[in-house]
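Q: The structure under discussion is supplied below as structure tokens; questions concerning it will follow.
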Amino acid sequence: MLPSSLPIVPAALQRELQRIEKEACTLLRVSTSRAHVAQTPKQVIWTLNKARLYRYSPVVPAEQRHKVPLFLVFALMNKPYILDLRPGNSFIEYMVKQGYDVYLLDWGAPGLEDKELKFDDYVLDYLPRAIRKLKAVSGCDEFSMLGWCIGAILTTIYAALRPDDGLKNLLPTT
């Protein structure tokens with residue numbers, strides 16, 4: 001029996017407090033756990049300074065793959081694993097399973113040494129070099145390009161400046 005000096009807590013309030021406690025425990029677990037992201041197998045096929053061009057390992061037989069490779073250009077500041085969160089919840093994994101030859105340009109983590117880089121450098125230097133490597137590895141002169149966030153701006157500028165470079169499809173997303 002409870003001492004008479006303690007107030008009686010209504011059942012609805014008890015349920016609400018239990019719900020809040022459960023959600024707080026979930027938040028603590030999620031915010032302190034290391035998620036295993038970017039699990040789709042890939043290889044680095046080109047680098048320039050911090051930038052890396054990845055090619056994801058095909059899982060569909062060559063005769064069933066799409067001829068035109070898919071080139072993903074990510075944002076300058078964010079982590080590209082957002083496109084490859086975890087098995088079963090990965091855009092990249094899904095596209096590879098659909099038979100696309102997927103490439104991703106990861107710009108790396110910016111630092112003070114990058115303060116002089118301009119859009120010109122990314123569009124006129126990095127992208128053409130990465131695309132040359134993509135074409136050499138894929139064996140295809142055409143490519144589709146999906147730009148994410150600021151990557152959409154970079155890919156759109158590139159497409160406007162180099163319309164005859166083999167770009168078949170441009171997919172800018174924000």
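Rule-based calculations on the coordinates, nothing more; no lab input. On a predicted model such as this, the values are computed, not experimentally measured, just so you know. Cβ: placed from backbone, ideal geometry, glycine included. Neighbour counts: every protein chain shown.
Q: State to the nearest 20 debye the size of the charge dipole of the stretch 64-170 about its Cα centre, where the only charges are +1 on K and R beta carbons and -1 on D and E beta carbons.
A: In total the dipole reaches around 380 debye.
Q: If Lys and Arg each add +1 and Asp and Glu each add -1, what is the summed charge of the other residues whose beta carbon sits under 15 Å from the beta carbon of Tyr54? Could the numbers behind the result be given before it?
A: Values: positive: Lys42, Lys50, Arg52, Arg55, Lys79, Arg129, Lys133; negative: Asp84, Glu93, Asp101, Asp106.
The answer is +3.
Q: Separate question: What residues of the stretch 25-47 lie in the reach of a label at Arg86, counting those whose backbone N is under 15 Å from a point 7 Å from the Cα along Cα→Cβ?
A: What the label zone holds, given the 15 Å backbone N cut-off, is 26-40.
Q: Turning to a different aspect of this structure: Over the stretch 50-174, what is the relative contact order in whole percent, taking alpha-carbon pairs under 8 Å and six or more residues apart?
A: The value is 31 percent.
Q: Using DSSP to call loops (not H, G, I, E or B), can you name the GluC sites (Glu not before Pro) in the stretch 112-151 whose Cβ has at most 11 other Cβ atoms within 10 angstrom?
A: Hits after loop and neighbour filter: Glu116.
Q: Which of the trypsin sites (Lys or Arg not before Pro) found in the stretch 46-122 are in a DSSP loop and have at most 12 neighbouring Cβ atoms, other than their own, within 10 Å?
A: Taking the stretch 46-122 and a limit of 12 other Cβ atoms within 10 Å, the loop trypsin sites (Lys or Arg not before Pro) found are Lys67, Lys115, Lys118.
Q: Let me ask something additional. Name the residues of the stretch 131-174 whose amide N is less than 15 Å from a point 7 angstrom out from the Cα of Gln98 along the C-beta direction?
A: 144-147, 169-173
Q: Out of Val59, Gln43, Val123, whose Cα points farthest toward the positive end of the dipole of the chain (charges: +1 Lys, Arg; -1 Asp, Glu; placed on Cβ)?
A: After comparing all options, I get Val59.
Q: Using just the C-alpha positions of the stretch 59-158 as equal point scatterers, what log10 of I(q)/I(0) does the Debye formula give at each q in 0.12, 0.23, 0.25 1/Å?
A: Results for the stretch 59-158 at q = 0.12, 0.23, 0.25 Å⁻¹ read -0.42, -1.28, -1.40.
Q: Along the charge dipole of the chain, Cβ charges K/R +1 and D/E -1, which of Gly151, Pro80, Thr173 sits furthest on the positive end?
A: About the Cα centre, the residue reaching furthest to the positive side is Pro80.
Q: Something else now. Would you kindly derive the ³J(HN,Hα) couplings of the stretch 156-161 from the backbone phi angles with the Karplus curve 6.51 cos²θ - 1.76 cosθ + 1.60 (θ = phi - 60°), listing them in order in whole Hz, with x for Gly and Pro?
A: 5, 4, 4, 4, 5, 7
Q: Set the Förster distance to 25 Å, then compute FRET efficiency between His36 and Asp121 from the Cβ-Cβ distance, nearest 0.05.
A: Details: r = 33 Å, r/R0 = 1.33.
The formula returns an efficiency of 0.15 here.
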